[in-house]
Amino acid sequence: MTTHQDASQHGDSGLQPERTDLAWGRTTMAMVVAAAVFLRWMPHHGWFVGTLVAAAVVTALAINVTRKRRYQRAVRGINQESMAPDVASTAAAAASVVLLALLGIYTVIFLPLEP
């Protein structure tokens, strides 16, 4: 075993933590794009669309703020040769996407179009 390694260094030649971090970055960008799309709905469906925008932005911020923690956890897991999946973060992101989808469907089907 090696002695103490920096949290940013690991021996994974496949660069798994970096690829996972990039995937979370793409998820953040997708949430920002979803918020922009929802903003386009505002003139047609009214103020409720602000709820969609806020939910997408909060999700994007939460993912981005926790990216470093997830990356460091993955590096530690590789260095210690013991890592469990990050079920909580994945479940939270999935729940946010499902909630946004349901709110979007509600908006399109049940909220009248503004004249």
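The values are calculated or read from the model by the stated rules, or taken from the named source; none is laboratory data. All figures in this text were calculated on a predicted structure; none of them were measured in a lab. No Cβ is skipped: glycine too gets one built from the backbone with ideal geometry, and neighbour counts run over all protein chains shown.
In segment 28-71, which residue that is in contact (Cβ under 8 Å) with a residue 12 or more places away in the chain and of a type in the set (K, R) is nearest to P112 (Cα to Cα)?
Ranking the candidates gives R67 first.
If you check A54, A74, A62, A101, which single one turns out to be modelled with pLDDT of 90 or more, assigned to a helix (DSSP H, G or I), closer than 28 Å to E18 by Cα and not basic (K, R)?
Criteria check complete, one pass: A62.
Taking the residues in segment 77-86 that are free of Cβ contacts under 8 Å to residues at least 12 places away in the same chain and part of a helix (DSSP H, G or I) as candidates, determine which candidate is nearest to M42 (Cα to Cα).
G77
Filtering segment 91-108 down to residues that are surrounded by 14 or more Cβ atoms within 10 Å (Cβ to Cβ) and small (G, A, S), which residue is nearest to V37 (Cα to Cα)?
Going through the qualifying residues, I end up with G104.
Going through segment 52-110 one residue at a time, which ones are under 16 Å from G25 (Cα atoms) and among the β-branched types (V, I, T)?
Scanning segment 52-110 gives V57, V58, T59, I63, V65, T66, T90, V97.
What are the pairs with Cβ atoms under 7 angstrom where one residue, in segment 87-109, is more than 16 Å from R40 (Cα to Cα) and the other, located anywhere, is in a helix (DSSP H, G or I) and among the basic types (K, R)? Sequence gap at least six, or different chains.
Close Cβ pairs satisfying both conditions: S89/R70.
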